[in-house]
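Colleague: Got a structure here, written out as structure tokens. Questions coming.
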Amino acid sequence: MRIHLVVNVSQVVWYQEQVEEQKVEELKTVEINGVEEWEVGKILNKRKVREVVKYLVRWKGFIVKYNT
């Protein structure tokens, strides 16, 4: 017999805080042509929508909630 883990969706929440003793990076901005920009940590995905390439980006120093 196999037992599957079942979790109620109402109990799933976004992670908000840092865990104790977790490495905390200093959030740094990069200035390009006088405009403040955030540094890209990793490109997670790429897709093409109506001939326009779109990327899913993980920003360096931010939690998963802020991926855009």
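Only the coordinates and a few stated rules stand behind these numbers; no lab work does. Just so it is clear, the structure is predicted and the values come from calculations on it, not from any experiment. Ideal geometry is used to build each Cβ from the backbone, glycine not excepted, and the neighbour counts take in all protein chains shown.
Colleague: Say whether the condition of being touching a residue at least 12 places away in the same chain (Cβ under 8 Å) and outside any loop (DSSP other than H, G, I, E, B) is met by at least one residue in segment 25-32. Walk me through how you get there before you give the answer.
Modeller: At the first step, the residues of segment 25-32 found to be touching a residue at least 12 places away in the same chain (Cβ under 8 Å) are 25-28.
Filter once more, keeping what is outside any loop (DSSP other than H, G, I, E, B): none.
Within segment 25-32, not a single residue is touching a residue at least 12 places away in the same chain (Cβ under 8 Å) and outside any loop (DSSP other than H, G, I, E, B).
Colleague: Something else: So, in segment 49-67, of the ones that are part of a strand (DSSP E or B) and among the β-branched types (V, I, T), which residue ends up surrounded by the most Cβ atoms within 10 Å (Cβ to Cβ)?
Modeller: By that ranking, first place goes to V57.
Colleague: Right, next: Of the conditions (1) part of a strand (DSSP E or B); (2) under 12 Å from the mean Cα position of the chain (by Cα), E36 clears all except one; give me its number.
Modeller: (2)
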